[in-house]
Amino acid sequence: TSNMMNALMQMIPPISYDTRLSNFILTTLLMISAHMLEFGIAHYAMRRYKTLSGQDLASHGIVHANAEKGLTQLAKIEFMVVKHIHLRFEMVMRFLSPVVYAIAAGVILH
């Protein structure tokens, strides 16, 4: 994406101020970076949730439905956080991200 941004900027005449095009490309680059970060967080939370609720707890004989019972207080907090990130964060981002992008693009290009 940054190569496309540089190639596009070299096509237009050099100017000392920002244009709508440069702002739009920068917004797109920031959204792509935010999506990469969101993917990393969601993927880590999914793996950690599966680890906490499945493999480690199953080896101790704890049922998945009662996954929080055999954990220390800190592990319970971690389990709740990764559970909510795993179950809700990605879904919220799937709906919120296009809305934010559309609003930002509309403001920049209008």
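General observations
- Net charge, Ile12 excluded, C-beta distance under 13 Å - Lys, Arg +1, Asp, Glu -1: 0
- Largest accessible area first, the residues Arg48, Arg94, Arg88 order themselves as Arg94, Arg88, Arg48 under a 1.4 Å probe with ligands, DNA and RNA left out.
The values are calculated or read from the model by the stated rules, or taken from the named source; none is laboratory data. Only a predicted model underlies this, so the values are computations on that prediction, with no experimental measurement involved. When we count neighbours, we look across all protein chains shown, and the Cβ atoms used for this are built from the backbone with ideal geometry, even at glycine. These area figures cover heavy atoms from the full protein model, side chains too; ligands, DNA and RNA do not enter into them. Shrake-Rupley method; radii C 1.70, N 1.55, O 1.52, S 1.80 Å.
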